[in-house]
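Let me begin by presenting the structure, written as structure tokens, before commenting on it.
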Amino acid sequence: MNDNALGVGMLYNAALPEYLERHIDNVDYIEIIPDMFWSDEGRGASPRFVELPQWKRQLDWIAARTPLTAHNIGMSLGTVDYLDREYVEFMRGMNEAYRFRWHSDHLSFLKLPTKGPHDHNAGIAVPVPYDDEYLEMIGAKVDFITGEIALPFLLENNVYFVEYPDQDYTETAFVNKMTGAHDCHILLDIHNLYANSINCGVKTRAYIDELDMTKVLEMHIAGGNEMNGMYYDSHSGPCPDAVWELLDYAVARAPNLRGITFEFHESYFPLLRFDGLNRQMELARGIWNKYRYERA
Ligand SMILES: [Fe+2]
């Protein structure tokens, strides 16, 4: 086994404290969105980031019992002329306090800077165009982040509903170039890939065959739903069968995989409940164990 491998985990949300109190042995790690645990008072405020006491107590409880990984939503790598250095610095402090095993953010943009203390938030991760300018711009941010925070940094493939025309690269070529030239890795979201196959005709297995799978350290899995003729990555319950099949295909090809993380939105907890969550962990663990010795 790879020494750094963790196994199967879940993305933390407000529905999980009671589940974890009873079933924490069913997860090998918990992934957190660090932004949930503080309030951002805006640029220029002092202190800018204020910890939320009740959330911090939950985080400390989990950290005492299981390894943590961090999934950022605030770096907005795709926003031009934007790098929130205070945010990166605060993340470095969070890592020093909680010893994350790795951290990640999306290959997309989320924020539009303003002249005021708070940025606009698009509310959805918007994909970036795959061209040389973006490769250079995001690459420089990756260099800054990895220089500041001594942890493996993973980029997550996005979900999209339309594709930009006339791009220089396919997504896989762009990601391979990025991870080849900069000190970063891949968080392969299997459900995003599945959603893109439904909405945009992406060939999922060809995508995995083209991607440099040696760079994949983590995979995300989730459920979604269809609305008005589109399929959404709404994290709305158990993973569809096709996601389990694709996960199996991908895990078999990812020699450096360290973790498989199940994501669900807390509002869908009634669809899963404790048994449903345990079932997702059991299915993910089955695939993890099937290939664990190949990852030695
Ligand atoms: Fe994800």
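We did not get these values from a lab; they are worked out from the coordinates using the rules stated. These figures come from a predicted structure and were not determined experimentally. So basically every Cβ, Gly included, is an ideal-geometry build from the backbone, and we count neighbours across all protein chains shown.
Give the range of the longest stretch in the chain that excludes all trypsin sites (Lys or Arg not before Pro) found in loop regions by DSSP and having at most 14 other beta-carbon atoms within 10 Å.
204-296
When only alpha-carbon atoms are used, what values of Rg and Dmax, in angstrom, describe the stretch 142-296?
Rg and Dmax of the stretch 142-296, Cα atoms, are 15.9, 46 Å.
Compute for the stretch 1-140: radius of gyration divided by Kirkwood radius, i.e. Rg/Rh, restricted to C-alpha atoms, rounded to two decimals. List each step's numbers first, then the result.
Details: Rg = 16.6 Å, Rh = 16.6 Å.
With Rg and the Kirkwood Rh in hand, the quotient comes to 1.00.
Pulled fully out, how much extra length does the chain show between Ala150 and Asp241, if you take 0.36 nm times their separation in residues and subtract their Cα-Cα distance?
29.1 nm
Once you have the alpha carbon radius of gyration of the stretch 234-276, what is it after dividing by 2.2 N^0.38 Å, with N set to its residue count? Don't skip to the end; give the middle numbers.
On the way: Rg = 12.4 Å, N = 43, 2.2 N^0.38 = 9.2 Å.
Here the answer is 1.35, to two decimals.
Relative contact order for the stretch 7-286 using alpha-carbon pairs under 8 Å, separation at least 6, rounded to a whole percent? The partial results should precede the final answer.
Working: 485 pairs, mean separation 48.0, N = 280.
Here the relative contact order equals 17 percent.
Near Asp275, within a Cβ-to-Cβ distance under 14 Å, what is the net charge of the other residues, with Lys and Arg +1 and Asp and Glu -1?
+1
Considering just Cα atoms, how many Å³ per residue does the convex hull of the chain enclose?
Here the figure is 132 Å³ per residue.
If each residue of separation counts as 0.36 nm, what is the full-extension length gain between His120 and Ala252 once their alpha-carbon separation is subtracted?
That works out to 43.5 nm of additional length.
Hull surface divided by four, with the convex hull built on the Cα atoms of the stretch 204-270: how many nm²?
Mean orientational projected area (the stretch 204-270, Cα hull): 5.3 nm².
Quick check on the exposure proxy: order Trp288, Trp55 from fewest to most C-beta atoms within 10 angstrom.
Trp55, Trp288
Enumerate lysine pairs in the chain that are 8 or more residues apart or on different chains, then count those whose Cα atoms are under 19 Å apart.
Working: Lys111/Lys141; Lys141/Lys177; Lys141/Lys215; Lys177/Lys215.
Lysine pairs meeting both conditions in the chain amount to 4.
Can you give me the long-range amide H partners of Ile186? Hydrogens built in the peptide plane at 1.01 Å from N, cutoff under 5 Å, separation of 5 or more residues or another chain.
Leu155, Val216, Leu217, Glu218
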